[in-house]
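A quick write-up on the structure given underneath.
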Amino acid sequence: MKILFQFFIILLFTFLGELISSILPFSFPASIIGLLLLFVFLVLKVVKVKHLDDVSNYLQKNMAILFVPLCVGVMQYFDIIKLNLIEIIVLLVVSTVVTFIVVGLIAKRGLKNE
């Protein structure tokens, strides 16, 4: 019963994200809105981490299965991806390197401030 309640909390924030996204006059991903709402409620301690602990651990352990629909969806557009494969690979490598550098600099700066 505890896991159902925890899963209900996550579904509630997902639903709120969908609701807010449908009301907004511009396009914004509902999943991001739901995650931001959940983050704010966690920071404000309205929702406690222990309220989501079991279900979040379960979802984290089984994360690989959640990517199966995404991979199947990508494979539907493989012909388009194949035409731009080199550009996509370059973009992925460059963005990964830039992300590593930025995160490293931020972490280095954070360690200096301690």
Inset, instruction - Would you tally the residues in region 68-114 being at pLDDT 90 or above and of a type in the set (Gly, Ala, Ser)? - result: 3
Legend entry - All positions within region 93-114 that are within 23 Å of the chain's Cα centre (by Cα) and not in a helix (DSSP H, G or I): none
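In the list Leu52, Leu44, which residue meets the criterion of being touching a residue at least 40 places away in the same chain (Cβ under 8 Å) and aliphatic (A, V, I, L, M)? Write out each step before concluding.
On the way: Leu44 fails: touching a residue at least 40 places away in the same chain (Cβ under 8 Å).
Leu52 is the lone residue from the list that is touching a residue at least 40 places away in the same chain (Cβ under 8 Å) and aliphatic (A, V, I, L, M).
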Inset, instruction - Quick one: in region 1-27, of everything that is in contact with a Ser or Thr (Cβ under 9 Å, 6 or more places away or on another chain) and part of a helix (DSSP H, G or I), which residue is most open to solvent (accessible area, probe 1.4 Å)? - result: Glu18
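The values are calculated or read from the model by the stated rules, or taken from the named source; none is laboratory data. It should be emphasised that the depicted structure is a prediction, and the values quoted were computed from it without experimental measurement. Ideal geometry is used to build each Cβ from the backbone, glycine not excepted, and the neighbour counts take in all protein chains shown. When the accessible area is computed, the model is the full protein with side chains, heavy atoms only, and any ligands, DNA or RNA have been set aside. Shrake-Rupley method; radii C 1.70, N 1.55, O 1.52, S 1.80 Å.
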